[in-house]
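The values are calculated or read from the model by the stated rules, or taken from the named source; none is laboratory data. Nothing here was measured: the structure is a model prediction, and the numbers come from that model. Here Cβ is always computed from backbone atoms with ideal geometry, including for glycine, and neighbour counts include all displayed protein chains.
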Amino acid sequence: MRYFPIFIDAQALQVLIVGAGEVAARKLELLLKSPAIITVVAPQVCTTVRHLAESSQVTLLERPFEESDLDNHRMVFVATSDEALNADIHKLATERNMLVNVVDNTPLCGFITPSIIDRSPLVIALSSGGNAPVLLRYLRQKLESVLPANLSKLGSFSERFREKVKQSLATVTERRYFWESVLEGDIAEEVTQGNDSKAEQKFLAALDDAAAQKQTEGQVYLVGAGPGDPDLLTFRALRLMQKADVVVYDRLVSPQILELVRRDAEKIYVGKAKSHHTVPQQDINQILVEQAKAGNRVVRLKGGDPFIFGRGGEEIETLLAAGISFQVVPGITAAAGAGAYAGIPLTHRDHAQSVVFATGHLKDGTIDLNWQGLAHPNQTIVFYMGLTGLAIICEQLIKHGLSEDTPIALVQKATTSEQKVITATLSTILSHPELCDMKPPTLIIVGSVVSLQAKLNWFE
């Protein structure tokens, strides 16, 4: 993120615009939506600028630019057709530590103006860093079409009662819960329909009820984050991630998915790797209990699905013992994601009539599995966390009846842009030239369905 997004207080902000053509007119029109004090200087003035300059906010100087014009200004837009002059003004303004924007010349911009959706006091700003203006216009059109024009009424209503809510409810969490109930309920509907009196009555009654409650009850949501691709999140998972006060997450949650968490939520990393836990499981359980008892909405964000090798059951047992309310949100488990994105159907009428999920790493550190039950020729086996035990897996499957020629696939970082797939047989996989490059998280898929990978591989 090269350009850091901020909103500048334009009250008494003194802005200089150098140039008075149609390009300058667009900046002037935008600035006039704010209370900024504006000076425009240019030897020739277009009709649009002359009309806009009739505002009491604008001082129009019909003459060439002089260095002294920069005095007492904090921001300058440079919009002349003279590139040399634009570069000179940029240099002078930068030396004065002014905010400078040379229109349509991104390298000479200390700041850029975003595309704006105005529902004042709600303002949404969009930017592509100057790199994709057409895409930006497309996104703005989409958002304009889904955001009702009367949304501004809701913003003004919220602004009106902000201090009263702050005085009535002591904590940030209590205030957040209250405002969310208002915005998601019939009070917001009354506001947007223009029924201000009725909305105010309901609002004040709801605020009194909220203030009478002694403690905000916390809750824990065990949320499956899926195998890595953010597009595979469920709608419910995304909604809870946006509402969470605290997010407890591990290393299998991709950075792209973590970006979707509410910005001001507290994020607690409890990453795990094989035989090494940054935070032991019992401590993770206790974190969930403590955060919920503090009145927070806690999302326990897990890669894949919480109940498939995700220890969700262990965490729920602790929550039940502590009397903490909880919900479970399923996610696409890694096996389903890896198979789909690698082009390996886990079941197929001609290859496999069943599929088994197994862990390649038991609680005691061994791989002591029911090999006899796993080694069936018409069955697909998916091993989680089995990369370091690959040699034992291959040896035991062959020993218990699978052919040495049984296909096997390793899928690394499934469903992400870093996905990598290698295929071989049980007897040849250990000598595969790319095996040494495979790193966790990697799933192992064994069975004749792997033979379809070359033909069905759509993602790569």
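The table below gives the values:
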| item | result |
| --- | --- |
| Any hit, region 283-300, residues being charged (D, E, K, R), part of a strand (DSSP E or B), in contact with a helix residue (DSSP H, G or I) (Cβ under 7 Å, 6 or more places away or on another chain) and modelled with pLDDT under 95 | yes |
| All positions within region 183-213 that are among the small types (G, A, S) and over 14 Å from F161 (Cα atoms) | G185, G194, A210, A211, A212 |
| Index of the failed condition, G343 passing every other in (1) at pLDDT below 95; (2) over 17 Å from G226 (Cβ atoms); (3) not basic (K, R) | (1) |
| Number of positions in region 52-68 that are over 43 Å from the mean Cα position of the chain (by Cα) and surrounded by 12 or more Cβ atoms within 10 Å (Cβ to Cβ) | 6 |
| Filter result (hydroxyl-bearing (S, T, Y) and in contact with a Leu (Cβ under 9 Å, 6 or more places away or on another chain)) within region 1-40 | S34, T39 |
| Qualifying helices (runs of 4 or more DSSP H) (wholly inside region 133-188; at least 1 residues being in contact with a strand residue (DSSP E or B) (Cβ under 6 Å, 6 or more places away or on another chain), modelled with pLDDT under 90 and among the basic types (K, R)) | 133-146 |
| Only listed residue being hydrophobic (A, V, I, L, M, F, W, C), under 16 Å from G343 (Cα atoms) and assigned to a helix (DSSP H, G or I), chosen from A391, A454 | A454 |
| Output for region 406-437, where each listed residue is under 16 Å from G389 (Cα atoms) and touching a Lys or Arg at 6+ places or on another chain (Cβ under 7 Å) | Q412 |
| Residue ranges of strands (runs of 3 or more DSSP E) in region 79-132 with at least 1 members free of Cβ contacts under 8 Å to residues at least 60 places away in the same chain and farther than 18 Å from V15 by Cβ | 115-119, 122-126 |
| Residue within region 232-243 that is more than 25 Å from I324 (Cβ to Cβ), modelled with pLDDT of 90 or more and not in a loop (DSSP other than H, G, I, E, B) present | yes |
| Members of region 144-198 found to be surrounded by 12 or more Cβ atoms within 10 Å (Cβ to Cβ), within 26 Å of the chain's Cα centre (by Cα) and over 27 Å from R297 (Cβ atoms), listed by number | E144, S152 |
| Output for region 29-51, where each listed residue is part of a helix (DSSP H, G or I) and either surrounded by fewer than 16 Cβ atoms within 10 Å (Cβ to Cβ) or among the charged types (D, E, K, R) (or both) | E29, L30, T47, R50, H51 |
| Tally of residues being in a strand (DSSP E or B) and under 28 Å from S120 (Cα atoms) across region 52-78 | 7 |
| Any pair with Cβ under 9 angstrom, 6 or more apart, that starts in region 398-422 at a residue that is in the same structural domain as G360 (by TED's automatic domain parsing) and assigned to a loop (DSSP other than H, G, I, E, B) and ends at one that is surrounded by fewer than 18 Cβ atoms within 10 Å (Cβ to Cβ) and of a type in the set (D, E, K, R) | K413/K420; K413/K439; T415/D231; Q419/E460 |
